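Working notes, beginning with the structure itself.
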Amino acid sequence: MTPLPDLMLEPLVRAGLLEDLGCGGDLTTDALALPGQMLRTALVARQPGVVAGLAMARLAFTLMDPTVRFEIERPDGSVVAPGERIARVTGPAPAILGGERVALNFLSHLCGIATATAGIVRAVAGTKARVCCTRKTLPGMRAIQKYAVRAGGGANHRLRLDDAILIKDNHIALAGGDVAHALAAARARAGHLVSIELEVDTLDQLAQALRAGGADAFLLDNMTPDQLREAVAMVNGRAVTEASGGITPDSAPEIAATGVDILSVGWLTHTVRALDIGLDYEATA
């Protein structure tokens, strides 16, 4: 898993710090900290989960003061238990306490995504299905949310509209309701490296599309397991098959067992629960 470069992450963290510090800075720490006071603290898991987002946490502290030492003990992708230390943070008290909330907000959110993803991945173990997120991400945070999915063992769907062609119901309506025409128009416009996926919600639509040709993948939307099995048989390896629509850890095993290649899960990024992580005081350094 390749980490995201600081160049991509810094604007998000900087914006978070500016929002939190406001015009007057951290009034509480300014009032209570002694001049030059140093702290040794630790980022500690309060719940079991999977780590993601340590670079964001590090930047929250080092943008406050570059002398802060951030020592990672459980890197991104690691499984942690309650009470387990993820990283040590040592440095000037104003930098650590001033960056604490921004660091924890990013880290807890991304660990939550990685943890939820890992749960679905475990649920489909033993099948060929891969777990993918979608474009249902928070504006401005797509890169880091999709990174967290990868940290949890999942994979990414397209990152942006210009990554691939995905023909959905509204696009078919634009093409006069004609699946064959929509596919032909897309293939005529697509570059030689651009993949085309078509969303279908009935087996009849899928049959029309297979006769027309031109699709590299089919998004099988809100189909039952029986319908998915039939769809996989109809495609017969000629294209990638992707199941979507309300997939949960409970329903994922049955859906994966139908033989689909991809399980597309939007809630991994849009409604995931943050992992409880704290910054614990260890000593005055």
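Worth pointing out:
- Residue match in the stretch 62-81 (condition: part of a helix (DSSP H, G or I), surrounded by 23 or more Cβ atoms within 10 Å (Cβ to Cβ) and in contact with a strand residue (DSSP E or B) (Cβ under 7 Å, 6 or more places away or on another chain)): no
- So residue 196, is it over 22 Å from the mean Cα position of the chain (by Cα) and either under 25 Å from residue 131 (Cα atoms) or touching a residue at least 24 places away in the same chain (Cβ under 8 Å) (or both): yes
- Hits in the stretch 133-150 - residues which are open to solvent by less than 10 Å² (accessible area, probe 1.4 Å) and either modelled with pLDDT under 95 or hydrophobic (A, V, I, L, M, F, W, C) (or both): 133, 144, 148, 149
- Residues in the stretch 108-140 that are among the charged types (D, E, K, R) and over 14 Å from residue 263 (Cβ atoms): 135, 136.
- Test: residue in the stretch 111-121 that is open to solvent by 10 Å² or more (accessible area, probe 1.4 Å), in contact with a Leu (Cβ under 8 Å, 6 or more places away or on another chain) and outside any loop (DSSP other than H, G, I, E, B): yes
- The residues listed here are 89, 44; of these, the one that is touching a Ser or Thr at 6+ places or on another chain (Cβ under 6 Å), open to solvent by less than 30 Å² (accessible area, probe 1.4 Å) and in a strand (DSSP E or B) is 89.
- Condition check for residue 257: at pLDDT 95 or above, in contact with a Pro (Cβ under 8 Å, 6 or more places away or on another chain) and hydrophobic (A, V, I, L, M, F, W, C): yes
- Residue that is nearest to residue 281 (Cα to Cα) [pool: residues in the stretch 92-101 that are surrounded by 22 or more Cβ atoms within 10 Å (Cβ to Cβ) and not aliphatic (A, V, I, L, M)]: 100
- In the stretch 213-230, the residues that are under 28 Å from the mean Cα position of the chain (by Cα), open to solvent by less than 60 Å² (accessible area, probe 1.4 Å) and not charged (D, E, K, R): 215, 217, 218, 219, 220, 223, 225, 228
- Taking the listed residues 187, 229, 211, the one that is among the basic types (Lys, Arg) and either within 28 Å of residue 125 (Cβ to Cβ) or in a strand (DSSP E or B) (or both) is 229, with no other qualifying.
- For residue 36: the one exception among (1) in a loop (DSSP other than H, G, I, E, B); (2) surrounded by fewer than 15 Cβ atoms within 10 Å (Cβ to Cβ); (3) free of Cβ contacts under 8 Å to residues at least 40 places away in the same chain: (3)
- Here residue 254 meets the list (1) under 19 Å from residue 132 (Cβ atoms); (2) touching a strand residue (DSSP E or B) at 6+ places or on another chain (Cβ under 6 Å) almost entirely, failing just condition (2).
- Residue within the stretch 88-95 that is closer than 22 Å to residue 269 by Cβ and among the charged types (D, E, K, R) present: no
- Residues that are without any contact (Cβ under 8 Å) to a residue 60 or more places away in the chain and either of a type in the set (Gly, Ala, Ser) or surrounded by fewer than 14 Cβ atoms within 10 Å (Cβ to Cβ) (or both), drawn from the stretch 255-285: 271
The values are calculated or read from the model by the stated rules, or taken from the named source; none is laboratory data. These numbers were taken from a predicted model, which means no experiment stands behind them. Glycine also receives a Cβ, built like all others from the backbone with ideal geometry; neighbour counts cover every protein chain displayed. Protein only, heavy atoms only, side chains kept; ligands, DNA and RNA dropped before computing areas. Shrake-Rupley method; radii C 1.70, N 1.55, O 1.52, S 1.80 Å.
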